[in-house]
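Read the figures in this text as sums done on the coordinates, not as results from a lab. The structure presented is a predicted model; accordingly, all values stated were derived computationally and were not measured. So basically every Cβ, Gly included, is an ideal-geometry build from the backbone, and we count neighbours across all protein chains shown.
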Amino acid sequence: MEQLHFLIDVNLPKYFRFFNQGNCRFVADIDLQASDNFIWEYALTNNNLVIVTKGTDFYNKFLMSENAPKIIFVRMGNVSLKHLYTYFEHHWETCKGAIQSARMVILYKDKLELIS
């Protein structure tokens, strides 16, 4: 199985322990003012990073693009940090496995959706 690397968007907490295991980069460490286009291109040109985001713009751009990075899209609406942490604590390994064979994984409160 290929070792994936992840680009964590600024709309997700940097301190979650699952994002701090050596295979994640943080947009906040690259450029706090980075545009979505910059993040998109950065992911494509830097070892095919998987974007992990809550940003709907990435979902829309993915649907319209022929050359897109892999994306894990957190689509849970307004949830508490505690709920988000618990979700990732229980499902991060599943998400990482799912993105191996999909181009996008959409995370809902009660299911994963894979887009090939």
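Details
- Database remark: amide H of Arg25 closer than 5 angstrom to the amide H of Phe6, Leu7, Ile8 (H placed geometrically; neighbours at sequence offset of 5 or more, or on other chains; Pro and chain starts carry no H).
- Simple spin-label estimate for Asn78 and Phe16 gives 2.0 nm between the two label positions (7 Å along the Cα-to-Cβ direction from each Cα).
- Once C-alpha pairs closer than 8 Å and six or more residues apart are averaged by separation and normalised to the residue number of segment 6-115, the relative contact order reads 23 percent.
- Considering only beta bridges that DSSP places wholly inside the chain, some 25 percent are antiparallel.
- Cα extents for the chain along the principal axes, largest to smallest and rounded to whole angstrom: 32, 30, 30.
- Value of [θ]222 nm, deg cm²/dmol, for the chain, DSSP H segments ≥ 4, -39500 (n - 2.57) each, nearest 500: -11500 deg cm²/dmol
- Each residue of segment 34-42 was assigned a 3J(HN,Hα) from its phi angle through the Karplus expression (A = 6.51, B = -1.76, C = 1.60, θ = phi - 60°), giving 4, 6, 4, 5, 4, 4, 4, 5, 4 Hz with x at Gly and Pro.
- Too-long pairs where the Cα-Cα distance tops 18 Å, listed order kept, from Lys14/Lys109; Lys14/Lys111; Lys14/Lys54; Lys61/Lys109; Lys14/Lys61: Lys14/Lys109; Lys14/Lys111; Lys61/Lys109; Lys14/Lys61
- Additional length obtainable on full extension of the chain from Gln100 to Asn60, 0.36 nm per residue less Cα span: 12.3 nm
- Between the exposed loop cleavage positions of the chain, defined as GluC sites (Glu not before Pro) in a non-H, G, I, E, B DSSP state with at most 16 neighbouring beta-carbon atoms within 10 angstrom, the longest gap is 3-65.
- In sequence order, segment 97-107 has phi-based couplings of x, 5, 6, 4, 10, 10, 8, 8, 10, 9, 9 Hz under the Karplus curve 6.51 cos²θ - 1.76 cosθ + 1.60, θ = phi - 60°, and Gly or Pro positions carry x.
- Cβ charges +1 (Lys, Arg) and -1 (Asp, Glu), total dipole of the chain, debye: 320 debye
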